[in-house]
1. Can you spot a residue in segment 76-96 that is at pLDDT below 95, surrounded by fewer than 14 Cβ atoms within 10 Å (Cβ to Cβ) and touching a strand residue (DSSP E or B) at 6+ places or on another chain (Cβ under 7 Å)?
2. Please identify the pairs in which a residue from segment 97-122 that is touching a residue at least 12 places away in the same chain (Cβ under 8 Å) and under 19 Å from PRO66 (Cα atoms) has its Cβ atom under 6 Å from the Cβ atom of a residue that is open to solvent by less than 50 Å² (accessible area, probe 1.4 Å) and of a type in the set (D, E, K, R), counting only partners at least 6 apart or on another chain.
3. Hey, among SER54, SER44, SER110, which residue is at pLDDT 90 or above and either exposed (fewer than 13 other Cβ atoms within 10 Å of the Cβ) or in contact with a Gly (Cβ under 7 Å, 6 or more places away or on another chain) (or both)?
4. Check whether at least one residue in segment 144-156 is of a type in the set (A, V, I, L, M), closer than 16 Å to VAL99 by Cα, open to solvent by 50 Å² or more (accessible area, probe 1.4 Å) and touching a residue at least 12 places away in the same chain (Cβ under 8 Å), and report yes or no.
5. Only residues in segment 64-81 that are over 16 Å from THR94 (Cβ atoms) count as the first member; pair them with residues that are open to solvent by 50 Å² or more (accessible area, probe 1.4 Å) and assigned to a strand (DSSP E or B), Cβ under 8 angstrom, at least 6 apart or cross-chain, and list the lot.
6. Tally the residues that are surrounded by 14 or more Cβ atoms within 10 Å (Cβ to Cβ) and outside any strand (DSSP E or B), restricting the search to segment 115-130.
7. Condition first: over 18 Å from the mean Cα position of the chain (by Cα) and of a type in the set (Asp, Glu). Can you find one or more residues in segment 119-135 that meet it?
8. Against the definition (touching a Ser or Thr at 6+ places or on another chain (Cβ under 8 Å), in contact (Cβ under 8 Å) with a residue 12 or more places away in the chain and among the charged types (D, E, K, R)), how does LYS168 come out, yes or no?
Amino acid sequence: MAARLLPSWVWVSGLTAGATVAVVLLALQADKGPHPTAAAVRPSASASASAHASASPAPAKDPAVPAASGTGRRIVYSLGAKRVWTVDASGKATRTFTVWPGTVSPDPGSYTISKTLASTTGSDGVQIEHILYFAAKSGLSIAFSNAVDGSSPAPAAGKQTSGIRMPKADGTALWTFGTEPDTKVTVVK
């Protein structure tokens, strides 16, 4: 019996399908292997470069503690910057971080941590921990806290909330700092 020849379109289709499978397999193998990274390119010195120029940019500095925030050991909360600082007895900032305020903010002024609570459910239904109460306004208690799951959900539309939320690591650090007796809180604009 003589061998039967297949039409050319069958051969082309078979080759195309085989090539596609080979490309997919190679792509999968390449995705699993190590990936090269670009080496950092440093600018070379030139006659036009300043004698004081650095090969790398200076790291960004944390914002300074607001000048009108009192003295001594305290927590400083800036309403406008949405930022908190912990300040030691010598007046030096030991930590600073941004926060997510609720819809009701405390008035500028000096306060003292009045109550601490390890965990509860926030008025927005989120499980929170490291709660440091320090003020009240519009019938709501104002406190620093962090969500147990680390989230920062937006306040529900039309609902008044007074929690000042922060990332989990910052909440833990603020809790350690703020649970010392008579911890002051200064709120600035």
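The values are calculated or read from the model by the stated rules, or taken from the named source; none is laboratory data. Being a predicted model, the structure only gives us computed values, none of them experimental. Here Cβ is always computed from backbone atoms with ideal geometry, including for glycine, and neighbour counts include all displayed protein chains. Ligands, DNA and RNA are stripped out before the accessible areas are found, and what is left, the full protein with its side chains, is counted by its heavy atoms. Shrake-Rupley method; radii C 1.70, N 1.55, O 1.52, S 1.80 Å.
1. No; the residues of segment 76-96 include none that is at pLDDT below 95, surrounded by fewer than 14 Cβ atoms within 10 Å (Cβ to Cβ) and touching a strand residue (DSSP E or B) at 6+ places or on another chain (Cβ under 7 Å).
2. PHE97/ASP170; THR98/ARG83; TRP100/ARG165
3. SER110
4. Narrowing segment 144-156 to residues of a type in the set (A, V, I, L, M): 147-148, 154, 156.
Now narrow it down to the ones that are closer than 16 Å to VAL99 by Cα: 147-148, 154.
Retained after the next criterion (residues that are open to solvent by 50 Å² or more (accessible area, probe 1.4 Å)): 148, 154.
Then keep just the ones that are touching a residue at least 12 places away in the same chain (Cβ under 8 Å); that gives 148.
Yes: segment 144-156 contains one or more residues that are of a type in the set (A, V, I, L, M), closer than 16 Å to VAL99 by Cα, open to solvent by 50 Å² or more (accessible area, probe 1.4 Å) and touching a residue at least 12 places away in the same chain (Cβ under 8 Å).
5. ALA81/THR98
6. Selection size over segment 115-130: 4.
7. yes
8. Working: touching a Ser or Thr at 6+ places or on another chain (Cβ under 8 Å): no; in contact (Cβ under 8 Å) with a residue 12 or more places away in the chain: yes; among the charged types (D, E, K, R): yes.
The answer is no for LYS168.
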